[in-house]
1. Name the strands (runs of 3 or more DSSP E) wholly within segment 1-68 that hold at least 2 residues that are in contact (Cβ under 8 Å) with a residue 60 or more places away in the chain?
2. Which one is nearest to Met35 (Cα to Cα) among residues in segment 180-206 that are in contact with a Phe, Trp or Tyr (Cβ under 7 Å, 6 or more places away or on another chain) and not basic (Lys, Arg)?
3. Return the residue satisfying two criteria in turn: it lies in segment 101-127 and is outside any helix (DSSP H, G or I) and among the basic types (Lys, Arg), and of such residues it is surrounded by the most Cβ atoms within 10 Å (Cβ to Cβ).
4. Restricting to segment 188-223, and then to whatever is among the small types (Gly, Ala, Ser) and touching a residue at least 60 places away in the same chain (Cβ under 8 Å), can you tell me which residue is nearest to Gly131 (Cα to Cα)?
5. Given the conditions (1) within 22 Å of Leu24 (Cα to Cα); (2) touching a helix residue (DSSP H, G or I) at 6+ places or on another chain (Cβ under 6 Å), report the number of the one that Ala113 does not fulfil.
6. Does Gly186 fit the bill of being part of a loop (DSSP other than H, G, I, E, B), at pLDDT 95 or above and within 17 Å of the chain's Cα centre (by Cα)?
7. If I filter segment 96-155 down to residues being hydroxyl-bearing (Ser, Thr, Tyr) and in contact with a Ser or Thr (Cβ under 9 Å, 6 or more places away or on another chain), which single residue comes out as nearest to Tyr54 (Cα to Cα)?
8. Can you name every residue in segment 52-99 that is among the charged types (D, E, K, R) and buried (at least 24 other Cβ atoms within 10 Å of the Cβ)?
Amino acid sequence: MPTTDLGGTRLHYLDSGSGREVVLLLHAFPLNAGMWARQVAALSPRYRVVAPDYPGLGKSEPRAESSTMDALADDLLTLLGGIRVERAAVVGLSMGGYLAFELYRRLPGLFRALALCDTRPGADTPEGAAGREAFAKSALEKGLHWVADEMTPKLLRPHPDAAAVSTVRALIGQGTPAGVAAAQRGMARRPDSTPTLAAISCPTLVVVGAEDGLTPPAESRKMAAAVKGAKLVEVPGAGHLPNIESPEAYNQALLGFLDGLPQ
């Protein structure tokens with residue numbers, strides 16, 4: 001994976017394929033760009049695919065400050081400028097969706113299209129933010145094994161396949177406790193993106209796992225209804241990570257959406 005310098009820290013990213021159109025993949029917490037392996041394989045023959053690791057997750061170096069959506073948007077715009085990407089279809093899953101909202105507010109002209117997957121527009125409640133801070137402290141004290149124990153059951157369907165469990169635990173183990181804590185603290189500070197929904201004017205796809213307990217399908221239906229012209233797809237047999245648990249159905253939905261975009 002190539003890297004780019006962000007003021008003294010290195011951001012790793014995947015840059016695959018050579019198509020004229022670009023797809024930017026924004027990963028979930030507390031994983032990394034490796035979660036998109038099956039999507040990269042499906043997309044790369046016809047699209048250029050860019051997928052970064054957030055600071056302290058995957059191979060990107062951690063930073064002392066929180067990974068706020070504002071800071072991550074700065075990172076991505078620096079990256080995209082450096083690799084000469086001016087327009088892309090942006091796919092954000094969970095935390096990646098929070099980041100996609102921030103990017104849209106900053107630079108709507110970047111968006112050829114938007115896919116919001118297993119995410120929600122609302123900000124944390126005070127209780128939710130407090131829970132993230134407690135998680136951040138525990139991650140720093142107890143390490144990534146504890147993070148994997150806590151998060152893996154929440155990210156997958158109630159009775160997950162062993163292969164999906166192994167994949168998710170491995171992806172979590174590739175990060176750092178500092179990166180996990182920074183991401184939790186950054187998500188706790190994210191703004192309410194509900195007003196942004198009505199402003200979205202690019203083609204939009206909303207995807208959710210039918211068994212997602214973190215962002216239930218009812219929330220995704222409500223979000224899709226608030227975005228003009230948005231299409232909703234519920235992926236059967238999947239929890240919060242349908243791209244990992246039901247990759248064929250997820251890829252079919254994503255490719256059908258991307259391939260149908262106006263040229």
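1. Passing ranges, in order: 3-6, 9-16, 22-26.
2. Ala183
3. Arg120
4. In this case the residue turns out to be Ala188.
5. (2)
6. no
7. Step one: filter segment 96-155 for residues hydroxyl-bearing (Ser, Thr, Tyr), giving 98, 104, 119, 125, 138, 152.
Okay, now just the ones that are also in contact with a Ser or Thr (Cβ under 9 Å, 6 or more places away or on another chain), so 98, 104, 119.
On the way: Tyr98: 13, Tyr104: 18, Thr119: 17 Å.
It comes out as Tyr98.
8. Here is the first cut: in segment 52-99, the ones among the charged types (D, E, K, R) are 53, 59, 61, 63, 65, 70, 74-75, 84, 86-87.
If the condition is that a residue be among the charged types (D, E, K, R) and buried (at least 24 other Cβ atoms within 10 Å of the Cβ), then Asp53 is the only one that fits.
The values are calculated or read from the model by the stated rules, or taken from the named source; none is laboratory data. Treat the numbers as computed from the prediction; the structure is a model and nothing was measured. Ideal geometry is used to build each Cβ from the backbone, glycine not excepted, and the neighbour counts take in all protein chains shown.
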